[in-house]
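The values are calculated or read from the model by the stated rules, or taken from the named source; none is laboratory data. Just so it is clear, the structure is predicted and the values come from calculations on it, not from any experiment. Glycine also receives a Cβ, built like all others from the backbone with ideal geometry; neighbour counts cover every protein chain displayed. For the accessible areas, the whole protein counts, side chains as well, though only heavy atoms, and no ligand, DNA or RNA atoms are used. Shrake-Rupley method; radii C 1.70, N 1.55, O 1.52, S 1.80 Å.
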Amino acid sequence: NTCNVSGFLITRVDYEHPDSQKLVAEVQAEYVEIYGSGDEAPLSAADFAPGQGEFFVGYIDDRPIAMGGWRKFDESAAEIKRMFVVADYRRMGFASQMLNHVEEAIKTARFKKAILGTGAVQVAAIEMYLQNGYQRIEPFGYYQDPEDSRHYGKLFNQ
């Protein structure tokens with residue numbers, strides 16, 4: 001399943017695809033700059049295997065510039081993971097387009113809500129989630145304890 005908006009092409013790929021791994025390396029390097037370490041929450045390619053989740057890369061002119069995915073959290077919720085847009089393409093709406101694409105995939109998989117975690121310092125990301133209908137929820141998962149973690153959720157009308 002692909003979607004093409006103004007030259008921005010979103011394609012489902014394996015988490016271990018070279019383009020996915022290139023973007024994962026970039027986001028991890030950014031986390032090291034922001035937080036002093038990479039994202040240490042357990043995550044594997046199996047999380048995005050059919051029936052468990054999906055992973056997407058967004059391209060402009062064959063250049064991977066964005067990614068996002070979801071994995072099953074419980075029977076009703078899917079967790080959004082690895083949302084990222086490379087620096088040169090930020091503030092152009094690509095994160096929202098990727099988020100919408102991931103949400104559609106979550107709805108298609110019949111989950112009732114999407115949940116995610118981010119860091120308080122990632123103000124632009126938080127703003128984007130709020131603009132797309134997300135609200136603060138109880139902390140969950142690997143980063144439920146740190147004071148600077150923020151957790152958000154969005155219910156889908158079935």
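Do we have any residue at all in the stretch 7-16 that's surrounded by fewer than 18 Cβ atoms within 10 Å (Cβ to Cβ), touching a strand residue (DSSP E or B) at 6+ places or on another chain (Cβ under 8 Å) and either modelled with pLDDT under 90 or closer than 22 Å to Tyr143 by Cα (or both)? Spell out the reasoning first.
Going through the stretch 7-16, the residues surrounded by fewer than 18 Cβ atoms within 10 Å (Cβ to Cβ) turn out to be 7, 9, 11-12, 14, 16.
Adding the requirement that they be touching a strand residue (DSSP E or B) at 6+ places or on another chain (Cβ under 8 Å) leaves 7, 9, 11-12, 14.
When the remaining residues are screened for being either modelled with pLDDT under 90 or closer than 22 Å to Tyr143 by Cα (or both), the result is 7.
Looking for residues that are surrounded by fewer than 18 Cβ atoms within 10 Å (Cβ to Cβ), touching a strand residue (DSSP E or B) at 6+ places or on another chain (Cβ under 8 Å) and either modelled with pLDDT under 90 or closer than 22 Å to Tyr143 by Cα (or both), one finds at least one in the stretch 7-16, hence yes.
How many residues are open to solvent by 80 Å² or more (accessible area, probe 1.4 Å) and modelled with pLDDT of 95 or more when one looks only at the stretch 17-36? Give the steps one after another, and end with the answer.
Applying the first criterion (open to solvent by 80 Å² or more (accessible area, probe 1.4 Å)) to the stretch 17-36 yields 18, 22, 33, 35.
Narrowing the set further to residues that are modelled with pLDDT of 95 or more leaves 18, 22.
Total satisfying the criteria: 2.
So that you can scan it fast, the table gives a plain yes or no per residue for (1) modelled with pLDDT under 95; (2) among the hydroxyl-bearing types (Ser, Thr, Tyr):
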site	(1), (2)
Phe84	yes, no
Glu103	no, no
Ala114	no, no
Thr118	yes, yes
Tyr129	no, yes
Pro146	yes, no
Tyr152	no, yes
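Looking at this structure, is Gln52 farther than 22 Å from Ile34 by Cβ, touching a residue at least 24 places away in the same chain (Cβ under 8 Å) and touching a strand residue (DSSP E or B) at 6+ places or on another chain (Cβ under 7 Å)? Talk me through it step by step, then tell me what you get.
Details: farther than 22 Å from Ile34 by Cβ: yes; touching a residue at least 24 places away in the same chain (Cβ under 8 Å): no; touching a strand residue (DSSP E or B) at 6+ places or on another chain (Cβ under 7 Å): yes.
So Gln52 does not fit the description; no.
For every residue, the table says whether it meets (1) open to solvent by less than 20 Å² (accessible area, probe 1.4 Å); (2) not in a helix (DSSP H, G or I).
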position	(1), (2)
Ala46	no, no
Phe56	yes, yes
Ala66	yes, yes
Asp74	no, yes
Asp88	no, no
Ile115	yes, yes
Gly133	no, yes
Pro146	no, yes
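Scan the stretch 121-140 residue by residue and report those that are out of contact with any Ser or Thr (no Cβ under 9 Å at 6 or more places or on another chain) and over 15 Å from Val85 (Cβ atoms). Even if it seems obvious, please write down each step before you answer.
At the first step, the residues of the stretch 121-140 found to be out of contact with any Ser or Thr (no Cβ under 9 Å at 6 or more places or on another chain) are 121-124, 127, 130, 133-138, 140.
Within the stretch 121-140, Val121, Leu130, Gly133, Tyr134, Gln135, Arg136, Ile137, Glu138, Phe140 qualify.
Just to check your reading of the model, which residue among Gly51, Gly38 is in a loop (DSSP other than H, G, I, E, B), more than 16 Å from the chain's Cα centre (by Cα) and small (Gly, Ala, Ser)? Step through it out loud before you land on a result.
Numbers: Gly38 fails: more than 16 Å from the chain's Cα centre (by Cα).
On inspection, the qualifying residue turns out to be Gly51.
Scan the stretch 61-120 for residues that are out of contact with any Phe, Trp or Tyr (no Cβ under 8 Å at 6 or more places or on another chain), more than 20 Å from Tyr31 (Cα to Cα) and of a type in the set (Asp, Glu) and jot them down.
Scanning the stretch 61-120 gives Asp61, Asp62, Asp74, Glu75, Glu104.
Scanning for something among the hydroxyl-bearing types (Ser, Thr, Tyr) and under 13 Å from Phe56 (Cβ atoms), does the stretch 79-99 turn up at least one residue? Outline the logic, then answer.
Restricting attention to the stretch 79-99, the residues satisfying the condition of being among the hydroxyl-bearing types (Ser, Thr, Tyr) are 89, 96.
If we keep only those that are under 13 Å from Phe56 (Cβ atoms) as well, we get none.
No.
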